[in-house]
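Engineer: Structure below; questions to follow.
Derivation of every value follows stated rules applied to the coordinates shown; laboratory data play no part. Not measured: the values here are computed from a predicted model. In this analysis, Cβ positions are derived from the backbone assuming ideal geometry, glycine residues included, and neighbour counts consider all displayed protein chains.
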Amino acid sequence: APTISPAPTVSAMPTPMPSQSPTNLPSMSPSVSPTDSPQPSSMPSSSPTRDFRSILEGFLGEQGYGADLSSQPGSMALDWILDEAHDSDVEFVALQTKTLQRFAVVTLEFSLLSNGNDSNAEISSTRQKNNQNHNMMVATKFVDECNWEGVTCNNGGQVTKIEWPFRKLKGHIPPEIRFLFRLEYLDISNNDLRGSIPETLYSLASLERLYLFKNSITGTISSRISLLDKITHLHLSHNNFSGSLPDELKSDWDGIRPLRYFNVYFNKLTGELPKNLNWRECTYFDVGRNQLTGTLP
């Protein structure tokens, strides 16, 4: 009789519900992703990059170039630049000598428009009166200072010439003029400027022509004029300069002074003319209407 083969074993049927999964299902709230970028907050943190006023004050003031930001012209020029930056809604990337130059020209104009001890309101009133007389402030926001009326620059964008005669200016020349390092030509004649020539003006080593005639400038001509090695035209007539002409006007061992035009007519100068001036290129020399003594050198 044939042998009965054993019935095949029935394999286990899969359970309707799988056994506990070895891998957990993802939670409803995933853990912090190591790769996700943080979402920006709705309000930025307070000045994470810069406080522009503080940076600008540090750049221009005592910790930087040493500008007098406490003076009215300096303070007003600082506010003018800050207002321009705010109105442009553009963050300044870096402070450069171009910023310093712009500050210097604006300070110069505010100072020349002032009346010495004017308050900011009075200066604004002066500006309004000037505007009525078509003597508007040449400093213009969002316009390069090289394109302002009476301002000329070289190809590198450095101010080389300022011509502001006949503008009915009654202020004074500020020390910050020294920041116009490449200035070669300055004409602010035929105004009513007061005060004296700041010592810092004599540090403008590139200055060739200085026209300050027909103003009310006082003080003396500093011995630091010896630093103006390139000066060719010096016109200071019709002012109130006093004291003597400094010996430093003469040529020195470094070379012959290139002075060609010298005019201090109608001032209050006293003393003798310096001896041995040695101005071999001078073609115009006028020291009349002073109280000078002695003989011509």
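Engineer: Net charge near ASN239: determine it from the other residues with C-beta under 9 Å of the C-beta of ASN239, scoring Lys and Arg +1 and Asp and Glu -1.
Structural biologist: Surrounding charge for ASN239 is +2.
Engineer: So how compact is region 243-289: Cα radius of gyration and Dmax in angstrom?
Structural biologist: 11.0, 32
Engineer: Would you please state the base-10 log of I(q)/I(0) at q = 0.19, 0.21, 0.24 1/Å for region 162-261, with intensities from the Debye formula using one equal scatterer on every alpha carbon?
Structural biologist: -0.94, -1.16, -1.51
Engineer: Now a separate question. In the neighborhood of ALA104, defined by Cβ-to-Cβ distances under 13 Å, what is the net charge if each Lys or Arg adds +1 and each Asp or Glu adds -1?
Structural biologist: Counting the neighbours of ALA104, the net charge comes to 0.
Engineer: Here is a follow-up. Enumerate the calculated ³J(HN,Hα) couplings along region 98-106 in order (Karplus 6.51 cos²θ - 1.76 cosθ + 1.60, θ = phi - 60°), each rounded to whole Hz, writing x wherever the residue is Gly or Pro.
Structural biologist: Using θ = phi - 60°, the values come out as 5, 5, 4, 5, 4, 4, 5, 5, 5 Hz.
Engineer: Can I ask one more? Which entries of LYS230/LYS250; LYS170/LYS268; LYS161/LYS275; LYS170/LYS214; LYS170/LYS250; LYS98/LYS161 show an alpha-carbon separation above 22 angstrom in the structure shown?
Structural biologist: The answer is LYS161/LYS275; LYS170/LYS250.
Engineer: Along region 272-285, what does the Karplus equation 6.51 cos²θ - 1.76 cosθ + 1.60 (θ = phi - 60°) give for ³J(HN,Hα), rounded to whole Hz, x for Gly and Pro?
Structural biologist: Running phi through 6.51 cos²θ - 1.76 cosθ + 1.60 with θ = phi - 60° gives 9, 5, x, 7, 6, 4, 6, 9, 6, 9, 6, 10, 9, 9 Hz.
Engineer: Per residue of region 148-156, in order, report the coupling 6.51 cos²θ - 1.76 cosθ + 1.60 (Karplus, θ = phi - 60°) as ³J(HN,Hα) in whole Hz, putting x for Gly and Pro.
Structural biologist: 6, 4, x, 10, 10, 10, 7, 5, x
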